[in-house]
Amino acid sequence: MHFRPSWLGTLCLACTLALLSGCAVLDKTAGTRLIERHAPGDYSGVIAIREDAGSSLVVRASGLAVREQAQEHTRDTRFMTGSVTKWISAVTVLRLADMGKLDLDAPIARHLPELPAASGAVTLRQLLSNRSGVPNGLQEALRKDQSIRHLEIGPVAGALRFGGGALNARPGEKWDYSVTNWLLVAAVVERAGNRPFTDVVEELVLAPARTRDTGFAGSDDEEAVGMAVAYDASGTRKTPPTPPMVVASGTLYSTAADLVAIADAVYRTPLLSDKARKELMTIQVASEDYALGGRVRTIATGKSTRALAWESGVSGGYKTLLAYDPRDGRAVVLLNNTDMQQADQGRIAIALFNAM
């Protein structure tokens, strides 16, 4: 696992620092009590809240990160974030689009000419919204051979091996939450960026956001210092393998503070153009509240409504939710390592938004 010190990214962050300065209305004591009021007593993990971009992030850690060693969670404990990775992958694609290196609506054959004509004709927009029509070739292969979970090949090789099947729907018509879409996304990013997918994400998203504890996991990361171990309801370890080819789909680890920092960089700095931010918050699949790489969920808070970037993820027994209001920077993060229900995380997040 690669743990990176804080360092200044490629963008000027003076505007971010100004936005994040100021006195917190919801102080640490009040914020902690608020979290305790709405979180279950046996919650294992980290919950963080922030009233707005001018307030401090209040973080509460509880339970055990590593049960076998009675190691407690801290505010800096790292968790696998599951499909939150897809949202960060989408941000990376949008940065490349802003730079003129990718086009959301061009055929991906422009970058992957080896693909069959049908799958090469799909677009990044269709892949990022899980509407490509490309069948889940990786899942089909896994049904026949579970050893593929440990296959050490990168995104381009994975995309060409598993992403070229005959389409099962016309592109843009059918929702299919398929990991194979994301093999193709990562392969396109590697070709457009002319370097490994992880390096592109690091340079274009993680570094400008000044993250300290975020990166892509390897096969031995469950044992890494500072990483929570995931468990199921019976207390058995529940951590899936992380083959390199699925890097764009669900292999990112992070902390509560870093996830909020990434959201701040996306929505409150010049990291993305206004057009790109609009793309990120425009729902493509209404039945799923799905935009590009993540969901947009509208909730009622008092007399108003809030359209939230709603980024959730599952990775074995890790469950993650980042709920963020781009208008004012109000945020809730839940990181859990005991396989809790995503619906329960959602209820807690909405209750905290309302309570703030």
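The values are calculated or read from the model by the stated rules, or taken from the named source; none is laboratory data. Everything quoted here is computed from the prediction, not taken from an experiment. A quick note on method: Cβ atoms are made from the backbone with ideal geometry, for glycine too, and the neighbour counts reach across all protein chains shown.
Tell me, please, whether a residue that is over 30 Å from residue 231 (Cα atoms) and of a type in the set (A, V, I, L, M, F, W, C) can be found in segment 301-321. Full working, then the answer.
Filtering segment 301-321 for residues over 30 Å from residue 231 (Cα atoms) gives 301-307.
Narrowing further to those that are of a type in the set (A, V, I, L, M, F, W, C): 307.
Yes, segment 301-321 contains a residue that is over 30 Å from residue 231 (Cα atoms) and of a type in the set (A, V, I, L, M, F, W, C).
Take the conditions (1) polar (S, T, N, Q); (2) in contact (Cβ under 8 Å) with a residue 60 or more places away in the chain; (3) out of contact with any Asp or Glu (no Cβ under 7 Å at 6 or more places or on another chain); residue 147 misses just one of them, which is (2).
One residue stands out among those in segment 286-315 that are modelled with pLDDT of 95 or more and assigned to a loop (DSSP other than H, G, I, E, B): the one that is farthest from the chain's Cα centre (by Cα), which is 289. Residues of segment 256-310 that are of a type in the set (Lys, Arg) and loosely packed, with under 15 Cβ neighbours inside 10 Å: 275, 278, 303. Applying the criterion of being more than 23 Å from the chain's Cα centre (by Cα), within 25 Å of residue 237 (Cβ to Cβ) and small (Gly, Ala, Ser) to the residues of segment 24-69, the residue that is modelled with the highest pLDDT is 63. The set of residues in segment 318-344 being over 16 Å from residue 88 (Cα atoms), of a type outside the set (Lys, Arg) and surrounded by 24 or more Cβ atoms within 10 Å (Cβ to Cβ) consists of 318, 331, 332, 334, 335, 336, 337. Among the residues of segment 301-320, those that are over 20 Å from residue 268 (Cα atoms) and touching a helix residue (DSSP H, G or I) at 6+ places or on another chain (Cβ under 8 Å) comprise 301, 302, 312, 313, 314, 315, 319, 320.
Within segment 307-321, can one find any residue that is in contact (Cβ under 8 Å) with a residue 60 or more places away in the chain and on the phi > 0 side of the Ramachandran plot? Looking through segment 307-321, at least one residue is in contact (Cβ under 8 Å) with a residue 60 or more places away in the chain and on the phi > 0 side of the Ramachandran plot. Identification of helices (runs of 4 or more DSSP H) wholly contained in segment 66-151 with 3 or more residues that are within 24 Å of residue 47 (Cα to Cα) and in contact with a strand residue (DSSP E or B) (Cβ under 9 Å, 6 or more places away or on another chain) yields 84-98. Residue 168 satisfies every condition listed in (1) assigned to a loop (DSSP other than H, G, I, E, B); (2) under 21 Å from the mean Cα position of the chain (by Cα); (3) not aliphatic (A, V, I, L, M) except (2).
So for segment 201-208 (the condition being farther than 26 Å from residue 136 by Cβ, modelled with pLDDT of 95 or more, small (Gly, Ala, Ser) and in contact with a helix residue (DSSP H, G or I) (Cβ under 7 Å, 6 or more places away or on another chain)), does at least one residue qualify? No, segment 201-208 contains no residue that is farther than 26 Å from residue 136 by Cβ, modelled with pLDDT of 95 or more, small (Gly, Ala, Ser) and in contact with a helix residue (DSSP H, G or I) (Cβ under 7 Å, 6 or more places away or on another chain). The condition of being of a type in the set (A, V, I, L, M), crowded, with 20+ Cβ neighbours inside 10 Å and assigned to a loop (DSSP other than H, G, I, E, B) holds for residue 209. From the list 167, 124, the one residue that fits, being surrounded by 22 or more Cβ atoms within 10 Å (Cβ to Cβ) and touching a helix residue (DSSP H, G or I) at 6+ places or on another chain (Cβ under 7 Å), is 124.
When 120, 137 are screened for being touching a Leu at 6+ places or on another chain (Cβ under 9 Å) and modelled with pLDDT under 95, only 137 passes.
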